[in-house]
1. Among ARG379, ARG423, which is the only one that is surrounded by 14 or more Cβ atoms within 10 Å (Cβ to Cβ) and among the charged types (D, E, K, R)?
2. Any chance the stretch 453-468 includes a residue that's surrounded by fewer than 19 Cβ atoms within 10 Å (Cβ to Cβ) and more than 46 Å from the chain's Cα centre (by Cα)?
3. For the stretch 213-221, check the following and say yes or no: at least one residue is β-branched (Val, Ile, Thr) and out of contact with any Phe, Trp or Tyr (no Cβ under 9 Å at 6 or more places or on another chain).
4. Can you tell me which residue in the stretch 41-50 is surrounded by the fewest Cβ atoms within 10 Å (Cβ to Cβ), limited to those that are under 10 Å from SER68 (Cα atoms) and either touching a Leu at 6+ places or on another chain (Cβ under 8 Å) or not hydrophobic (A, V, I, L, M, F, W, C) (or both)?
5. Taking the stretch 158-213, which residues are small (Gly, Ala, Ser) and touching a residue at least 60 places away in the same chain (Cβ under 8 Å)?
6. Kindly list, by first and then second residue, each pair from a residue in the stretch 239-261 that is in a helix (DSSP H, G or I) and loosely packed, with under 13 Cβ neighbours inside 10 Å to a residue that is at pLDDT 95 or above and not β-branched (Val, Ile, Thr), limited to pairs with Cβ atoms under 8 Å and residues at least 6 apart or on different chains.
7. Any residue in the stretch 125-153 that's more than 21 Å from TYR172 (Cβ to Cβ) and in the same structural domain as ASP376 (by TED's automatic domain parsing): show its pairings with residues that are of a type in the set (S, T, N, Q) and part of a helix (DSSP H, G or I) at Cβ separation under 8 Å, as long as the two are six or more apart or on different chains.
8. Considering GLU442, GLU466, which residue is outside the structural domain of ALA393 (by TED's automatic domain parsing), of a type in the set (D, E, K, R), in contact (Cβ under 8 Å) with a residue 24 or more places away in the chain and not in a helix (DSSP H, G or I)?
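The values are calculated or read from the model by the stated rules, or taken from the named source; none is laboratory data. Everything numeric in this text was worked out from a predicted model, so none of it was measured. FYI the Cβ positions are ideal-geometry reconstructions off the backbone, even for glycines, and counts take in every protein chain you see.
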Amino acid sequence: MIRSGIKEALYHMDEINDPEIHSLIRKYALQNALEYEGKGQMGSALGRLLSERQDLRPIAKNLMPIVSSEVDLANKMIVEDGPVVVRQRIESIDPSAVKRTRQEKRKGLKPLDDTDRGVILRFAPNPNGPLSLGHSRGVVINHQYAKMYNGKMVLRYDDTDTVVKPPLVEAYDWIAEDYQWLTGSKPDVVIRASERMPQYLKFGEEMLSKGFGYVCECTSDEFKDYRISMTSCPHRSRSVDENLTQWEKMVQGTMKPGDAVVRVLTDMTLPNPALRDWPAWRIQHKPHPVIGVRYRVWPLLDFQSAIEDHLQGISHIVRGKDLMDSTRKQMLLYEHFGWVYPHTLYWGRVSIHGHGSFSTSNMREGIESEIYNGWDDVRLPTIKSLRRKGYSAEAITSFWIEMGITQKDVAIPLDSINAVNSRIIDPTSRRISLVVNPVNIEVIGELPGSVHIPYHPDRHSVGHREIPLSSKSFLVEESDLSKKFRLKDLADVEKTGDGFAFTSDERTDDRPIIHWISCDLQTTCDLVRSEGEEVFIEHCVIEDADLIVGEVVQLERKGFVRVEEWSEERRTLVWLHR
């Protein structure tokens, strides 16, 4: 049976008869009216209520008329009886609520509730590809909470779908590698759901044996009609023995995909159609990339995830608000088994402008059709791509933690992440000159034979380089040439006739400062960058410095790049950001 509190939420009852809820509504209505001198608002009072009682969110619409009525009464009381009487009424309900403490907007992660029995969290990706920037949010937030409460972190591969999102064998290791790169550590527990099938089968059979599941042989269209009309399908009334017989046929593989599913018995009149006798098991005969053809019946994600969360003792689940129906389905299943459901937090969708919108499946199709050059293609929002370009794990981690958890959908520019990344990498990034479309100029005058220039203007610990100037020839960008300019960190230069002349080693005016490369110390390189759906490889001239593969350097006046290759045979840089 469904517990009464959950049943009220699921049915969206028009009237709430719980005295405790009415008392809370009245408290916040009076508080709001007192604070705004008889001009309290329903939305504000409701918001305060739902902040304290998040479990009431599913029935917020049904609470609105009650809250509105209480707010009207409270505003009227302010006018007719005065603030003193209203204050006394609030004190009779909750003395601490008379003076509301305004909360400052929280940055970072808010504390978890219900932590007395320990904290165990999980990150559960489908291994059909490597992690994306979106996935990294789940890694970072869950890992950080486990760290905050000295808890445990479970990495679970949800790999029981062999048809729609079949696993990639390589993706298991890719995800583990990305996880360790993001967090600096390994998870406490690693689970592959496909290897846990004996456990899931046991609970699937228990569900049928105890009568809260049944084998349904309706087609999807037939059951859709039953779901919409809120009526039972003909298989719902099967006996336990009949269900177990059909289950055995499914398990043995004598039934074909689509012939039957196992449904969780709920209530066909529930207001939310997704919760009405939802499917828990389906027949799949396509071989699993790791397990092979050992199993012919596989759990759907809502069943498999719910069972595994219970087996691992997951205390808190952090998930997208688009998965609220999954929570409701799983709560009904937990009710049947007599288990306590984990405390659940939700976040809204984050859209990052400037990094595209890709699903793992779409990226996989693009790679297989050779639109993209692998999972680390610079156009893709994968962690592999971000690592290739030179993003720091600390920047991604800091970005998600600073954002925290909110149910609001937010759209942010990629520059927001870039700003965090710049703050972290700038202090250790060497400055190097790179010239596009170079022109050669010779400077006449008393230039030194060499110049000693720091790799970083503010941090001498990063080091210096000695640049020879014996030829007095320089490569600069054609667009930088003007009547007078300053070669950065070297000299003021002016055009004289057909050439250029040295005028001062000190800056004497506000002439433009340009970067340069000594012709005595130059080499060529390829710069890989993307623009929209296009990838460009620019052939450039660069200062011949002793760069290290994997190092992030800042190109003078341009931006950051990562050194991908650096040898006599090939020198390649990958663009990061400005």
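1. Details: ARG423 fails: surrounded by 14 or more Cβ atoms within 10 Å (Cβ to Cβ).
Going through ARG379, ARG423 in turn, the sole match is ARG379.
2. yes
3. We begin by selecting, within the stretch 213-221, every residue β-branched (Val, Ile, Thr); these are 215, 219.
From what is left, the residues that are out of contact with any Phe, Trp or Tyr (no Cβ under 9 Å at 6 or more places or on another chain) are 219.
Yes, the stretch 213-221 contains at least one residue that is β-branched (Val, Ile, Thr) and out of contact with any Phe, Trp or Tyr (no Cβ under 9 Å at 6 or more places or on another chain).
4. Here is the first cut: in the stretch 41-50, the ones under 10 Å from SER68 (Cα atoms) are 41-43, 45-46.
Next cut, either touching a Leu at 6+ places or on another chain (Cβ under 8 Å) or not hydrophobic (A, V, I, L, M, F, W, C) (or both) only: 41, 43, 46.
Working: GLN41: 16, GLY43: 13, LEU46: 22.
Filtering the stretch 41-50 for residues that are under 10 Å from SER68 (Cα atoms) and either touching a Leu at 6+ places or on another chain (Cβ under 8 Å) or not hydrophobic (A, V, I, L, M, F, W, C) (or both), the one surrounded by the fewest Cβ atoms within 10 Å (Cβ to Cβ) comes out as GLY43.
5. Filtering the stretch 158-213 down to residues small (Gly, Ala, Ser) leaves 171, 176, 184-185, 193-194, 204, 209, 211, 213.
Matches in the stretch 158-213: GLY184, ALA193, SER194, GLY204, GLY213.
6. Filtered contacts from the stretch 239-261: GLN252/ARG296.
7. Note: pairs meeting the criteria are GLN144/THR397.
8. On the way: GLU466 fails: in contact (Cβ under 8 Å) with a residue 24 or more places away in the chain.
Unique residue meeting the criteria: GLU442.
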